[in-house]
Amino acid sequence: MADYKQVAQSWLDGDFDQHTKMQILELRNNDPAGFEDAFYKNLEFGTGGLRGIMGVGTNRMNKYTVGMATQGLANYILKNADSMPGVEKDDLKVVISYDSRNNSKEFARITADVLSANGLHVFIFDNIRPTPEMSYAVRLKGAVAGVMITASHNPKEYNGYKVSWSDGGQVTSPVDVDIVAEVAKITDPSMVKFSAGEKCGEIEIMGKEVDELYLNDLLSLSLSPDACKRHSDLKIVYTPLHGCGVRLVPEILARKGFRNVIHVPEQDVSDGNFPTVISPNPEEHSALEMAIAKAEETGADIVMATDPDADRMGIAVRDNDGKMVLFNGNQTASLLTYYILTRWSELGKLGKGKYVIKTIVTTELMAEICRKFDVPIYNVLTGFKYIAAVVKANEKDGEFICGGEESYGFNVGQYVRDKDAQVSCMMLAECAAWAADQGLTLYGLMQRIYKEIGYRKEGLVSVVRKGISGAQEISRMMADLRNTPPKDLCGSPVVKVVDYLEPEKTGQPKSNVLQFFSKAGDVVSVRPSGTEPKIKFYFGAKGDDADAKIEALKAQFCK
């Protein structure tokens, strides 16, 4: 591996713009640690695409690393076009969207230019749009792939590059691995076609016409239109957290008839610096503070927040004492699954071939709800791309009802092959109206589910370890758990250990995940993040003492 100083010098000597070279010199002279981190390795294009801190260097998100990733993607598409079923070989199309993050628009334009320079037909949105609408547009346009410029809920310093395939779902094996291999072959920006040659592809702008089709299809999934009419005055505070949800979430709620959607004006501003929040992550209480304050000011019933690329939703509801409390992703997914299956049952829509999907680290409450309605549920690896893969595999013989993951992602129906905050917000508001018909709040409905199905509690601890030493420490933690697994969880013996590095035993793709199951029905899952310098511990406890058991599990594993 080349010394990072030599790599940096090659950028200083190479065909890079003057602004980039000045930034390199600034780093070298004033920030030795940052200088090393920027050049000690290449920013890895993994199976989920790129994600990293923005700045100069091989280990940063910038126009050169984005261009190299795009050239690798273009090369893969062109090499494999003949073997892609249903693809027009003489008109290979790619859809591009981007969120409100700093540099997202620039990175999207670079992506479009490089794809076009390689002869591909590009469809790019005229402004920021959510990830799920990009997924929808891939299938609408008959594209072979889609690119979304976003770093989801990461801090403002980050940006990313997500690739979806012709079904609208993020790429999975073997395509993901093969794309990674092609990108790895692009070792220098001089290998990138940054400007069009003789055979450039057309670049077409998409806008409101795609919005209309997308919204109309999502609205067709409605299950309780009469309840929505009866409770059209439901007070809902919505915040996009400075992201692109502002374009369509208020619109879909208005079209469902909800006329009392209250905004947080400061957070309607699309701004990649996310000035009013520490982190634009709807999983974190601090991100919802302004929206909750607005709810208290206005007497609102519900708070909804979406992340910058509007694929995930966080909510707060009023408890029995009228206090605003946050639901976690497990609770929201369970609540929506219960509502949707109840309505499908009442409408006579359940039957052969209908199914639900959850990820392995998502609450078992979802599975127990499905058992109540005699609906099959698939259990897949963490990541919505695995949910999309099941939907694709069952396109001909089955119908996807809904699916979710603990990290605040949920989807309904088959129009979008990714998590979708637009349809999730619509369904949550509809669920609230349906519950109100029965004299229940969303909190009251959740308590009814616990009473009917059984109480479960989940917890998540993310341990951050940055830099080279951090990555090594995370590897050691996983190795120690493999070599010396826990013998009990909260005093109940561990009866099963599942190692997802052993696909022949799990029936799932290979993944660096460990799960420990106790005799009492509790479960602990451990996995390093694929996009951030952290290791995640997921805790699930069963029974009336579940709250206490979660705290005990945290103490046991996160010392």
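Using the Cα centre of the chain as the reference point, and only Cβ charges (+1 on K/R, -1 on D/E), how large is the resulting charge dipole? Debye, rounded to the nearest 20.
1100 debye
For the cross-link pairs Lys487/Lys559; Lys372/Lys554; Lys419/Lys559; Lys89/Lys208; Lys256/Lys349; Lys352/Lys372, which exceed 25 Å when the distance is taken from alpha carbon to alpha carbon?
Check vs 25 Å cut-off fails for Lys372/Lys554; Lys419/Lys559; Lys89/Lys208.
With unit charges on the beta carbons (Lys and Arg positive, Asp and Glu negative) and the dipole taken about the Cα centre of the chain, which residue among Leu218, Ser190, Val317 sits farthest to the positive side?
Checking the options against the dipole of the chain, the answer is Val317.
Can you tell me the FRET efficiency between Ile468 and Glu202 if r is taken as the Cβ-Cβ distance and R0 is 45 Å, rounded to the nearest 0.05?
That gives a FRET efficiency of 0.55.
Taking 0.36 nm per residue of separation and subtracting the Cα-Cα distance, what length does fully extending Leu221 through Glu289 add?
So the chain would gain 21.4 nm between Leu221 and Glu289.
For the residue pair Gln6 and Gln447, what label-to-label distance in nm results when each label sits 7 Å from Cα along the Cα-to-beta-carbon direction?
6.8 nm
Over the chain, what relative contact order in percent results from Cα pairs under 8 Å that are six or more residues apart? Display every interim value, and only then the final one.
Details: 1128 pairs, mean separation 63.7, N = 559.
Relative contact order of the chain: 11 percent.
Amide H of Ile96 versus every other amide H placed in the peptide plane: which residues, excluding those fewer than 5 positions away on the same chain, fall under 5 Å?
For Ile96, whose amide H was placed from the backbone, the distant partners under 5 Å are Phe123, Ile124, Phe125, Val147.
Can you tell me the 0 to 90 degree angle between the C-alpha axis of helix 442-453 and the longest principal axis of the chain, rounded to 10?
70 degrees
Against the longest principal axis of the chain, how steep is helix 329-346, in degrees 0 to 90 to the nearest 10, with axes from Cα atoms?
Helix 329-346 sits roughly 60 degrees off the main axis of the chain.
What ranking, highest mean first, results for peptides 69-80, 465-476, 429-440 when packing means the other Cβ atoms within 10 Å averaged over each residue? Walk me through the intermediate numbers first.
Values: 69-80: 21.5, 465-476: 13.2, 429-440: 19.1.
Result, highest mean first: 69-80, 429-440, 465-476.
Say the dipole of the chain comes from +1 at the beta carbon of Lys and Arg and -1 at that of Asp and Glu; which of Gly201, Phe35, Asn394 then lies farthest toward its positive end?
Asn394
What does the extension gain come out to for Arg371 and Val269, with contour length at 0.36 nm per residue minus their alpha carbon separation? Spell out each step's value before the answer.
Working: separation 102, 0.36 × 102 = 36.72 nm, distance 4.34 nm.
Here the segment from Arg371 to Val269 would lengthen by 32.4 nm.
With everything on Cα atoms, drop me the angle between helix 467-483 and the longest principal axis of the chain, reported from 0 to 90° to the nearest 10.
Once rounded, the angle reads 50 degrees.
Among Tyr64, Ser334, Ile468, pick out the residue whose Cα is farthest towards the positive end of the charge dipole of the chain, where Lys and Arg carry +1 and Asp and Glu carry -1 on C-beta, about the Cα centre.
Ser334
Going from most exposed to least, what order do His242, His285 have by accessible area with a 1.4 Å probe?
Ranking His242, His285 by accessible area, largest first, yields His285, His242.
Which distance in nm do the two modelled labels at Lys487 and Ser232 give, with both placed 7 Å along the Cα-to-Cβ direction?
Taking the simple label geometry, Lys487 and Ser232 are separated by 6.6 nm.
Excluding same-chain residues fewer than 8 positions from Lys392, which aspartates and glutamates have a Cα within less than 14 Å of its Cα?
Within reach: Asp167, Asp418.
Tell me which residues come under 5 Å, amide H to amide H, from Tyr455 once H is placed; ignore anything under 5 positions away on its chain.
Under 5 Å from the amide H of Tyr455: Gly543.
So for the pair Lys396, Ser190, with labels modelled 7 Å out along Cα→Cβ, what separation do we get in nm?
Distance between the two pseudo-spin positions: 5.0 nm.
Under 18 Å from the 7 Å Cα→Cβ point of Val495, by amide nitrogen: which residues of the stretch 541-559?
Backbone N within reach: 541-546.
Report the extension gain between Lys41 and Tyr455 in nm, rounded to one decimal, defined as 0.36 nm multiplied by the number of residues separating them, less their alpha carbon distance.
Using 0.36 nm per residue and subtracting the Cα-Cα distance, I get 144.4 nm.
Please give the net charge around His231, taking every other residue with its beta carbon less than 12 angstrom from that of His231, where Lys and Arg add +1 and Asp and Glu add -1. Numbers along the way, then the final one.
Values: positive: Lys229, Arg230, Lys235, Lys256, Arg259; negative: Asp226, Asp233, Asp301, Glu430, Asp437.
Around His231, the surrounding residues sum to 0.
Evaluate E = 1/(1 + (r/R0)^6) for Asp321 and Asp480, where r is the Cβ-Cβ distance and R0 equals 35 Å; express this FRET efficiency to the nearest 0.05.
FRET efficiency, Asp321 to Asp480: 0.20.
Between Leu213 and Asp437, take the C-beta separation as r, use R0 = 25 Å, and let me know the FRET efficiency to the nearest 0.05.
After rounding, the FRET efficiency stands at 0.20.
Which of the aspartates and glutamates could be linked to Lys549 by a straight reach, that is with a Cα gap under 17 Å, when you skip same-chain ones fewer than 8 residues away?
Partners found: Glu364, Glu458, Asp488, Asp522.
What is the packing order of peptides 228-236, 497-505, taking the mean over residues of other C-beta atoms within 10 Å and listing the highest first?
228-236, 497-505
What number comes out for accessible area per residue over the stretch 420-508 if the probe is 1.4 Å? Units Å², please.
49 Å²
Determine ³J(HN,Hα), in whole Hz, for all residues of the stretch 366-374 in sequence, where each value follows from phi through the Karplus function 6.51 cos²θ - 1.76 cosθ + 1.60 and θ = phi - 60°; x replaces Gly and Pro.
Listing the rounded values in order: 4, 5, 5, 5, 4, 5, 4, 9, 6 Hz.
Apply the Karplus curve 6.51 cos²θ - 1.76 cosθ + 1.60, θ = phi - 60°, to the phi angles in the stretch 420-430 and return the couplings in whole Hz, x for Gly and Pro.
Couplings: 9, 6, 5, 5, 5, 5, 4, 5, 5, 4, 5 Hz.
Mind checking the per residue accessible area of the stretch 158-211 for me, 1.4 Å probe, whole number of Å²? List each step's numbers first, then the result.
Details: 2700 Å² over 54 residues.
With all protein chains present, the stretch 158-211 gives 50 Å² per residue.
Would you mind checking the pairs Lys185/Lys505; Lys156/Lys542; Lys358/Lys510; Lys162/Lys457; Lys496/Lys536 and listing those with alpha carbons more than 26 angstrom apart?
Lys185/Lys505; Lys156/Lys542; Lys162/Lys457
Lys466: which aspartates and glutamates have alpha carbons under 13 Å from its alpha carbon, excluding same-chain residues fewer than 8 sequence positions away?
Output for Lys466: Asp37, Glu532.
Lys354's amide H: which non-local residues (gap 5+, or another chain) put their own amide H closer than 5 Å, with H modeled 1.01 Å from N in plane and none for Pro or chain starts?
Distant-sequence amide H within range of Lys354: Glu399.
Size of the dipole of the stretch 370-417 about the Cα centre, Lys and Arg at +1 and Asp and Glu at -1 on the beta carbon, nothing else charged, in debye to 20?
That gives the stretch 370-417 a dipole magnitude of about 60 debye.
The values are calculated or read from the model by the stated rules, or taken from the named source; none is laboratory data. Owing to the predicted nature of the structure, the values given are computational and were not obtained by experimental measurement. Neighbour counts run over all protein chains shown; Cβ positions are idealised from the backbone, glycine included. Heavy atoms of the whole protein, side chains included, go into the accessibility calculation; ligands, DNA and RNA do not. Shrake-Rupley method; radii C 1.70, N 1.55, O 1.52, S 1.80 Å.
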